[in-house]
Amino acid sequence: MSLLGFFGALLVLIFYFLPAIIACERRAQKSGMIFLINLALGWTVLGWIAAAIWAATDSVAENPIPAAGRVKESAEDSDLPPESGRLLGHK
């Protein structure tokens, strides 16, 4: 397989799964179902269009990052006692 053929096949795969990629990037709530519809029915023009519309219009998850992953901005926002700030170099 030539290099041009490889990149051509890669471009076709990216275009084929474009609805699933859009759903994943938008963090759509039903991105798994959109992927399955895209995989199973994407070869039909109607299935691909349906998956693309669903990917573009599905509601987005409100909080995709859990609250436990929140970065604390300052020493005042810390769970440590106030006297530990001196040990960390805070006044």
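Here are a few things to note about the model shown:
Here's the yes/no breakdown for (1) at pLDDT below 95; (2) touching a Ser or Thr at 6+ places or on another chain (Cβ under 7 Å); (3) surrounded by fewer than 16 Cβ atoms within 10 Å (Cβ to Cβ); (4) not in a helix (DSSP H, G or I):
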site	(1), (2), (3), (4)
Cys24	yes, yes, yes, no
Ala40	no, no, yes, no
Gly47	no, no, no, no
Glu62	yes, no, yes, yes
Ala68	yes, no, yes, no
Val71	yes, no, yes, yes
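- Residue match in region 4-12 (condition: without any contact (Cβ under 8 Å) to a residue 12 or more places away in the chain, more than 20 Å from the chain's Cα centre (by Cα) and in a loop (DSSP other than H, G, I, E, B)): no
The values are calculated or read from the model by the stated rules, or taken from the named source; none is laboratory data. The model shown is predicted, which means the values in this text are computed figures rather than measured ones. Reconstructed Cβ throughout: ideal geometry from the backbone, glycine too, with neighbour counts over all protein chains shown.
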